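Chemist: Take this structure first; my questions come after.
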Amino acid sequence: MNKLPIYLDAASTTPVDKRVLDNMLPYFSEIFGNASSNHVYGLNAKKAIDIARSQVAKLINADEKEIIFTSGATESINFAIKGFVESNYEKGNHIITVKTEHKAVLATCEYLETKGFEVTYLDVNENGLISLDSLKAAIKETTILIAIMYVNNEIGIIQPIADIGKIAQEQNICFFCDATQAVGKVKVDVVADNIDMLCFSGHKLNGPKGIGVLYKKKHIALTPLLHGGGQEYGLRAGTYNTPLIVGLGKACEIIYEEWDSNILKLLEKRNEIEKYYEQNNIGIINFKEVKTAPHILCITLNNYDAEDYLIDNLKQFVASTGSACNSGLVRISHVIESINNLNNQTFRISI
């Protein structure tokens, strides 16, 4: 049997923690009731979902009633943006986002432009950061939503989220944050960060695929994407996927309880990789001057095209030249194109 290469593409997905898997297994065949059913089988399933909801809420300092379970961050993004503008169109039709957002945000905004909404796409500087002054200047009387991600999935930089949230709050504008690459690696506090809506996925933090979260403050009105039953406070119809919800909750609990040791391990691995590339004159680590998430390293090679380098080293390790959601596209990613000092020699290692 051939030995598998080292896995260095954790920003695309992570393996399920065995403790998470063990916690999920009974809900496939033993505690199998429909959580919406009002009998012992359903009530046992609902109890497990309630526990998971509180585990998720605790990790981001939210109220458990502000947690909505979805199929993942892409659904949450579509739900948050489309649902908000449809419920609040009388307040305005202008959205502010950033050119380096995940494609799920950009594609949703582009779709809304075809429906008459106006979208401002902010530029970023050489460190991938927005200008707060540019954000303030972009705000109009018709601005109803600001959508800016916490940690960029390709380059790992952290935007000044609390400052962005404060600006939005002062202007009475809703602030939505894609925190898919932040939760579990950066301390996310929806209260301290002034975040109105936030999303993330289970499979980025050693939980299962196919489950995610939309956090929203209680007062925010959303139009559902999925109509039907009354699940998730009437906002997201469909039978509860109890095993995956339980798995996500357990993953969040493990992260909360083992935070310090996990971050220390990430930083140790990160330092090893930095030393290897720079001391051997293979490449440079970008964005050392600004805050970055501990698990993502953006590396520019000295004498190699990134795609060629990754192909040449496929037997040793696997990494990525960008988002897994763009893997079918043979071109430099929109994030790399938006930052002056990055090029086709740039790639991502995520641990």
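Throughout, read-outs are computed from the coordinates displayed, never taken from laboratory work. Computed from a predicted structure; not experimentally measured. Don't worry about glycine lacking a Cβ; one is built from the backbone with ideal geometry, like all the others, and counts go over all protein chains shown.
Chemist: Out of the stretch 215-253, which residues are within 18 Å of the chain's Cα centre (by Cα) and either loosely packed, with under 15 Cβ neighbours inside 10 Å or aliphatic (A, V, I, L, M) (or both)?
Modeler: Those that are within 18 Å of the chain's Cα centre (by Cα) and either loosely packed, with under 15 Cβ neighbours inside 10 Å or aliphatic (A, V, I, L, M) (or both): 244, 245, 248, 251.
Chemist: Name the single residue, out of those in the stretch 150-168 being assigned to a loop (DSSP other than H, G, I, E, B) and touching a helix residue (DSSP H, G or I) at 6+ places or on another chain (Cβ under 7 Å), that is nearest to residue 287 (Cα to Cα).
Modeler: Result: 155.
Chemist: Among the residues of the stretch 132-141, is there at least one that is acidic (Asp, Glu) and surrounded by 23 or more Cβ atoms within 10 Å (Cβ to Cβ)?
Modeler: No, because not a single residue in the stretch 132-141 is acidic (Asp, Glu) and surrounded by 23 or more Cβ atoms within 10 Å (Cβ to Cβ).
Chemist: Look at the stretch 231-271 and say how many of its residues are part of a loop (DSSP other than H, G, I, E, B) and in contact (Cβ under 8 Å) with a residue 40 or more places away in the chain.
Modeler: So the count comes out to 8.
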